[in-house]
Amino acid sequence: MNDVVTAVIMIVLTIGMYLAAKQLYKRFPSPFTLPVLIGTILIIVVLETGNVTYTVYMEGGRWIEYFLGPAVVALAYPLYSQREVLKRYLIPILCSSAVGAAAGTASGWGLSILVTREQELLASVLPKSVTAPIAMSVAESLEGIPALAAVFVMIAGIGGVMMAPYVTKWFHITHPFAKGMSMGSGAHAIGTAKALENSEEEGAASSVAMTVSAIIVSIIAPLLAFLVF
C-alpha cells in the first residue's frame, strides 16, 4: 500500500478512536473511561485484529508524534494567564517540581532494577515521568529505545490520571495548585490535559510542574545513568 495512503488511514484511525473514546467518557465519566486510555485500547485491538505492525502504524503515527512538541508549547497560554498567581507560589512550585521529578526518575529506576539490569530497558524507563518528546530524546541519548520510553510515559501518565482522584481524596488535597503540581510532575502532559479540565489554575500549575520536571529529568537521568551503567 502507498505510504501516503497508509499514513492517512493510520491518522484517521487514531483520531477516530480518540473521538469515540471521548464520547464514551462524556456519557460515563470515570478515571477508567479516560479518552486516552480507552482510545489506546481500541487502537491496540484494531491493530492486533488486523495484524498491523508497529512500523506500518507509525507511517501515520509519526506525524501525530511530530505535533506533540507544539502541543506542549501551547500549554504556555494558561501559564501566562495565571502568571501573577504563579509568581506568588514560585518557591513551592519549583521545590515540589524538583522533588516530583527526582521521585519519578528514582522510582522508575528502582522498580526496573528489580526486574533486569539491561541497559536498554533502564535507559528507556528513566525518563518515564516527563512528556513523550523529551522522554524519547533522553532515552535515545542514553542508548535506550525511544518507542519503549514512549510506552512507559503513557503508562505513567494514564496511571497517574486514573489514581489522582483517589490519592487527592485520601490525603485531603483540595488546593488547585497542589493538585496541579502533582498531576504535572507525575503524569506530565496527560495529567496537565486533565488538570485543565478541572480549572485554569490547576492546569497552569500542572504546566509549570511538567516543564520544570522535564528540565530536571533531562539533567538527572543522564547523571544517574552514568553512575549506574
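The values are calculated or read from the model by the stated rules, or taken from the named source; none is laboratory data. Predicted, not measured: the structure shown is a model, and the values here were computed from it. Cβ: placed from backbone, ideal geometry, glycine included. Neighbour counts: every protein chain shown.
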Original post:
Which of the residues belonging to the range 52-65 are in a loop (DSSP other than H, G, I, E, B) and closer than 14 Å to Ala147 by Cβ?
Top reply: Thr53
**OP:** Can you give me the ranges of the helices (runs of 4 or more DSSP H) entirely in the range 117-196 with at least 3 residues that are at pLDDT below 85?
**Re:** 119-125, 132-141
Subject >> Verdict on Ala135 being farther than 15 Å from Ser96 by Cβ and among the small types (Gly, Ala, Ser) >> reply: yes
Original post:
Would the range 169-187 turn up any residue that is charged (D, E, K, R) and touching a Lys or Arg at 6+ places or on another chain (Cβ under 8 Å)?
Top reply: no
Subject >> Cβ-Cβ under 6 Å pairs, at least 6 apart or on other chains, the range 83-98 side outside any helix (DSSP H, G or I), far side not basic (Lys, Arg) >> reply: Tyr89/Phe177
Original post:
Of all residues in the range 25-51 being touching a residue at least 60 places away in the same chain (Cβ under 8 Å) and part of a helix (DSSP H, G or I), which is surrounded by the fewest Cβ atoms within 10 Å (Cβ to Cβ)?
Top reply: Phe32
Subject >> The one condition in (1) at pLDDT below 90; (2) surrounded by 10 or more Cβ atoms within 10 Å (Cβ to Cβ) that Lys22 fails to fulfil >> reply: (1)
Original post:
When the range 132-177 is examined, which residues are found to be within 19 Å of Ala209 (Cα to Cα), buried (at least 18 other Cβ atoms within 10 Å of the Cβ) and more than 17 Å from the chain's Cα centre (by Cα)?
Top reply: Pro176, Phe177
**OP:** Look at Ile44 and say whether it is within 19 Å of the chain's Cα centre (by Cα), farther than 26 Å from Ser137 by Cβ and outside the structural domain of Val151 (by TED's automatic domain parsing).
**Re:** no
Original post:
Does Gly110 meet the test of being surrounded by fewer than 22 Cβ atoms within 10 Å (Cβ to Cβ) and in a helix (DSSP H, G or I)?
Top reply: yes
Original post:
Say we look at the range 178-195 and pick out the residues that are of a type in the set (Ser, Thr, Tyr) and more than 9 Å from the chain's Cα centre (by Cα); which of these is surrounded by the most Cβ atoms within 10 Å (Cβ to Cβ)?
Top reply: Ser185
